[in-house]
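Remarks on the structure that follows.
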Amino acid sequence: METTVNEHTHYGSERSPSCPELRIVLVGGEELNGQSSTISETGNIILGQHVFETDRRTAQSVVRQQEVHGRRVTVVNTPHWFWHYPRENTALLDQMEIQNSVHLCPPGPHAFLLVIPIGVPFIPVIKLSLMEHLQLFHEEFFKHTIMVFTVERPSFKRFVEEDIGFWPDLLWVLQQCGNRKHALNIRDQQDGTQVQTLLEKIEAMVVENAGRAYSVDAAEGRALTEKMKTIAERASKRFSEVQRRRRTLRALIQGGKIPPRHLRLVLVGAQGSAKSSAGNIILKKQVFSVSLRKKTDTCEISHSMVANRQLTVVDSPGWMYNHTLQDTNEMDRQEIAGSVHLCPPGPHAVLLVVGLSSAFNASYQRALQEHMNLFTEDVWKHTMVLFTRGDWLGSKTVEERIESEEGLQWLVEKCGNMYHVLDNTNQLHETQVTELLEKIEEMWAGKEEPHYKGDLSCEEQMEARREAQLKAAKRIQKTSQIQSRILKELFRVDRRHITEMRIILIGRKESGKSMAANRLVSERLFGPSLMTKEFQNQKRTTMSVKHQKNFSGLNVSVVETPGWLADEETPDWLKKEVLRSVSMCAPGPHAFLLVVPVSKAFREADAKAVVELLEPLGERVWRHCLVLFTWADWLSGRTIEDYIAAEGENLQQLVEKCGNGYQAFSYNHGFNNVEILQKIDLMITRNKGCCFTTEDNWVKTEPELTEAEWNQREQELLDQVLKAVTRALEEPANPPAKVANSMDGAFIPSMGGDALSEVGSTLWTHRDQARVAEWLRFRAGNSEVTSGIGSMSASASHVESLDVNPLADHHQMEDFFPEEDQMMLDSGLHGIIPTDSILLNYRRHSF
């Protein structure tokens, strides 16, 4: 543990005691995508030497000193945090080191340099994260702070002003710093003028502060040092106890208890914990998909020969680290629970993967504990904690990290003090895998049962449930596709000129409403933008928001209603707000999009809330409703129908109430706003061009017809239905597409608010506008209406040609009519579109 100035300090050979002194502390964060912080590079440029490590993470505050431009300059480098995470997600060890930084340059720093690389999307969540982390210092922080914008090319310095002007929250932070800023090219260490200018700015700030440095409480410093010392002592004790127990268990093996040569392992853990990456490191080959744009959707199994041992490794889907078990959707729960049955007779070890890049806080612990309840209590006897991203520890030990967080102490003790650390950045380091296998053998040697035995009766029940869900998914898919083709044919010639679409979005908090609304208008207008789950409760919207966008003559109005918390009763004020949203779409909305995130379970309470919110609008409102499934990336290799079937009756009944109308919205694989506009277009056609109005305001606009005219209309409709069935049978069948590909990258994504890549909205804004314009031209010149009902599909080839951007939709599902649907057709399409119902509705003008 380095805590004293002498132990941290590095002096240049030309140190001069008479030089004026400047003491500087560097602070800042890094992005979730794994791009490294530029704090260490900034320190090296200021001191003119490579004194701060840049090839590994700074895990503790380090101080270095050098004579620079006639000044004795002291620089303290600090650990960085994730820009997008609240302080509770930052490890307590990191927080203590950041706090300790001001005590390493007594009597206190003259300046804090807040280092921000140009290009960081300074969205509201970053501002909130920054302000929370700056609470580690006291209120004088901004008086002593200069914002340093790092660039990698001299020409990029001109973008600093543009960047500040583009992000209002960045401008606000700059104003708190007295508008003090400096641009630093971190790739040009030979340009001494940029450092000279920075030092002059610091000296000017010191003059503004009347020569006073940032005040430091020495007593707080001593208390902090004592706390870190206590943690180090406890860590050393834990390490000694673990090593002593390992020697005891190894003696059992050496005494004749021979471990199995074939080890069966199951990986479980939160999504984003580098679980799949750990599996690849263990097997010494790339078998489990590791991608920021894909999550492990189903259990995967692989085998390999490693260190003279035959290994079988099962990778399972991860859960969201801050989701309760009740939040996790049914498909993921079933896959996780079934993972231990894929390596019969059972795994020798369940490796519970925990990433070290995030704090093991109360939310993380609760999610882990609840998801482990998917197994029997005996699972803990065969569980070892596998810490990933060991590089995050830096010079710290894993025992120090454990002793600094009560949750981790509970976890490793629950696992009998069995744990291991993997460095994901050093996959060629073979000893870390060999040592892991030795620990697994030692754990095996100390158990009476050779492996974990799952509940076989539960396995049988899960298998029966899966089969039933597969059949249900197929039925839902067939129903949707047949209905889609028939409706397309029915309205082939019934075209109405549209100049306006008015849309209302309804959904719980963290459902992705803002994200969807932004894509509907092809601009980042709804928000709070990128507000992650951890910050949701800090800024709760209670008013509906409306924005409009004109696409080549089509005026699209979108109203986002406030969300509700999953665990609360639907409040009365929200019911009134939904009613108000209808008045914001005068004379009435064309469509209500009921937003459902597929990353979460759809519970009875969710269905009840939607029904209660729409109930005051009357039964007719359901003719104008579509279900919009967000975060379809979570499905990965599965279809939206799989999700609908797995979630059970509550969701299936909601889809049926919406006339089997639904659309899936994939964030990473793009969202073709034309698809949803096409479906709304068809809905408008089905509703005879009428928007929704409340029952009291509804008036009949069509003239009364004679009996003969009704008979003629009925005959025409029957002819259309027969032609539609015939055409549907003639359509070639295409296999249903699945959402593409394990989100196992360097971060734990949040499913609240908007999506991270919306900061690059310019790309999809232009693409979406072009798509809509092309669709409208095609619509005006072609009498055929696109289906509009069904799953992910639906974009015509003339629109697909616009998808030249990497963010475009590469996995779109086309409507198809399976040949095996003869049974449904022979039965008169019973349950899909009953002919009597069509005729009755037609008479009542209720399409």
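Below, the figures for the structure above:
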{"quantity": "Only one of ILE24, ILE39 that is within 19 Å of HIS110 (Cα to Cα), modelled with pLDDT under 95, buried (at least 17 other Cβ atoms within 10 Å of the Cβ) and among the β-branched types (Val, Ile, Thr)", "calculated": "ILE39"}
{"quantity": "Complete set of residues in the range 47-64 that are touching a helix residue (DSSP H, G or I) at 6+ places or on another chain (Cβ under 8 Å), open to solvent by less than 40 Å² (accessible area, probe 1.4 Å) and farther than 20 Å from PHE137 by Cβ", "calculated": "VAL51, PHE52, ARG57"}
{"quantity": "Helices (runs of 4 or more DSSP H) contained in the range 39-135 and holding at least 3 residues under 30 Å from GLY165 (Cα atoms)", "calculated": "39-47, 124-134"}
{"quantity": "Residues (touching a Gly at 6+ places or on another chain (Cβ under 8 Å), open to solvent by 10 Å² or more (accessible area, probe 1.4 Å) and at pLDDT 95 or above) located in the range 117-146", "calculated": "PHE142, LYS143"}
{"quantity": "Selection count, the range 162-195, where residues are open to solvent by 50 Å² or more (accessible area, probe 1.4 Å), of a type outside the set (Ser, Thr, Tyr) and assigned to a helix (DSSP H, G or I)", "calculated": "8"}
{"quantity": "Some residue of the range 600-623 being open to solvent by less than 10 Å² (accessible area, probe 1.4 Å) and closer than 19 Å to GLN477 by Cα", "calculated": "no"}
{"quantity": "2 or more residues among the small types (Gly, Ala, Ser): qualifying helices (runs of 4 or more DSSP H) within the range 601-667", "calculated": "604-614, 640-647"}
{"quantity": "Residues within the range 537-584 that are within 29 Å of ASP681 (Cβ to Cβ), charged (D, E, K, R) and modelled with pLDDT under 90, tallied", "calculated": "1"}
{"quantity": "Among (1) open to solvent by less than 50 Å² (accessible area, probe 1.4 Å); (2) part of a helix (DSSP H, G or I) - the single one GLU203 does not satisfy", "calculated": "(1)"}
{"quantity": "Residue match in the range 98-114 (condition: among the aliphatic types (A, V, I, L, M) and surrounded by fewer than 21 Cβ atoms within 10 Å (Cβ to Cβ))", "calculated": "no"}
{"quantity": "Every residue from the range 235-258 that is in a loop (DSSP other than H, G, I, E, B) and open to solvent by less than 10 Å² (accessible area, probe 1.4 Å)", "calculated": "none"}
{"quantity": "Single unsatisfied condition, ASP163 versus (1) over 30 Å from VAL216 (Cα atoms); (2) out of contact with any strand residue (DSSP E or B) (no Cβ under 9 Å at 6 or more places or on another chain)", "calculated": "(2)"}
{"quantity": "Residue list for the range 390-433, restricted to those being of a type in the set (Val, Ile, Thr), in a helix (DSSP H, G or I), within 28 Å of ASP378 (Cβ to Cβ) and open to solvent by 10 Å² or more (accessible area, probe 1.4 Å)", "calculated": "VAL398"}
{"quantity": "Tally, over the range 455-514, of residues that are crowded, with 19+ Cβ neighbours inside 10 Å, assigned to a helix (DSSP H, G or I) and small (Gly, Ala, Ser)", "calculated": "4"}
{"quantity": "Total residues in the range 374-388, condition open to solvent by 30 Å² or more (accessible area, probe 1.4 Å) and either part of a helix (DSSP H, G or I) or in contact with a Ser or Thr (Cβ under 8 Å, 6 or more places away or on another chain) (or both)", "calculated": "3"}
{"quantity": "Single residue of GLU704, GLU714, GLU675, GLU731 found to be at pLDDT below 75 and either open to solvent by less than 60 Å² (accessible area, probe 1.4 Å) or closer than 24 Å to VAL558 by Cα (or both)", "calculated": "GLU714"}
{"quantity": "Qualifying residue in the range 285-304 (condition: out of contact with any Asp or Glu (no Cβ under 6 Å at 6 or more places or on another chain) and under 24 Å from GLU399 (Cα atoms))", "calculated": "no"}
{"quantity": "Selection from the range 207-231 of residues that are over 16 Å from PHE137 (Cα atoms) and buried (at least 17 other Cβ atoms within 10 Å of the Cβ)", "calculated": "MET228, ILE231"}
{"quantity": "Top-ranked residue in the range 259-285 [being in contact with a Lys or Arg (Cβ under 8 Å, 6 or more places away or on another chain) and more than 21 Å from PHE360 (Cα to Cα); ranked as most open to solvent (accessible area, probe 1.4 Å)]", "calculated": "ARG261"}
{"quantity": "Top-ranked residue of the range 270-288 - restricted to ones that are among the small types (Gly, Ala, Ser) and assigned to a loop (DSSP other than H, G, I, E, B), ranked as nearest to the chain's Cα centre (by Cα)", "calculated": "GLY272"}
{"quantity": "Residue in the range 289-310 that is among the aliphatic types (A, V, I, L, M), within 20 Å of GLY637 (Cβ to Cβ), open to solvent by 10 Å² or more (accessible area, probe 1.4 Å) and in a loop (DSSP other than H, G, I, E, B) present", "calculated": "yes"}
{"quantity": "TRP564, sole failed condition from (1) in a loop (DSSP other than H, G, I, E, B); (2) open to solvent by 20 Å² or more (accessible area, probe 1.4 Å)", "calculated": "(2)"}
{"quantity": "Any chance GLY355 is in contact with a Lys or Arg (Cβ under 7 Å, 6 or more places away or on another chain), crowded, with 23+ Cβ neighbours inside 10 Å, under 23 Å from PHE602 (Cα atoms) and among the small types (Gly, Ala, Ser)", "calculated": "no"}
{"quantity": "The range 586-599, residues that are surrounded by fewer than 21 Cβ atoms within 10 Å (Cβ to Cβ) and either not aliphatic (A, V, I, L, M) or not in a loop (DSSP other than H, G, I, E, B) (or both)", "calculated": "PRO587, GLY588"}
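Yes/no per residue for (1) in contact with a strand residue (DSSP E or B) (Cβ under 7 Å, 6 or more places away or on another chain); (2) within 25 Å of ALA235 (Cα to Cα):
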residue: GLU406; (1), (2): no, yes
residue: VAL412; (1), (2): yes, yes
residue: CYS415; (1), (2): yes, yes
residue: ASN424; (1), (2): yes, yes
residue: GLU430; (1), (2): no, no
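The values are calculated or read from the model by the stated rules, or taken from the named source; none is laboratory data. Bear in mind the structure is a predicted one, so any value in this text is a computation, not a measurement. In this analysis, Cβ positions are derived from the backbone assuming ideal geometry, glycine residues included, and neighbour counts consider all displayed protein chains. Note: accessible area is taken over every heavy atom of the protein model, side chains too, but ligands, DNA and RNA are not part of it. Shrake-Rupley method; radii C 1.70, N 1.55, O 1.52, S 1.80 Å.
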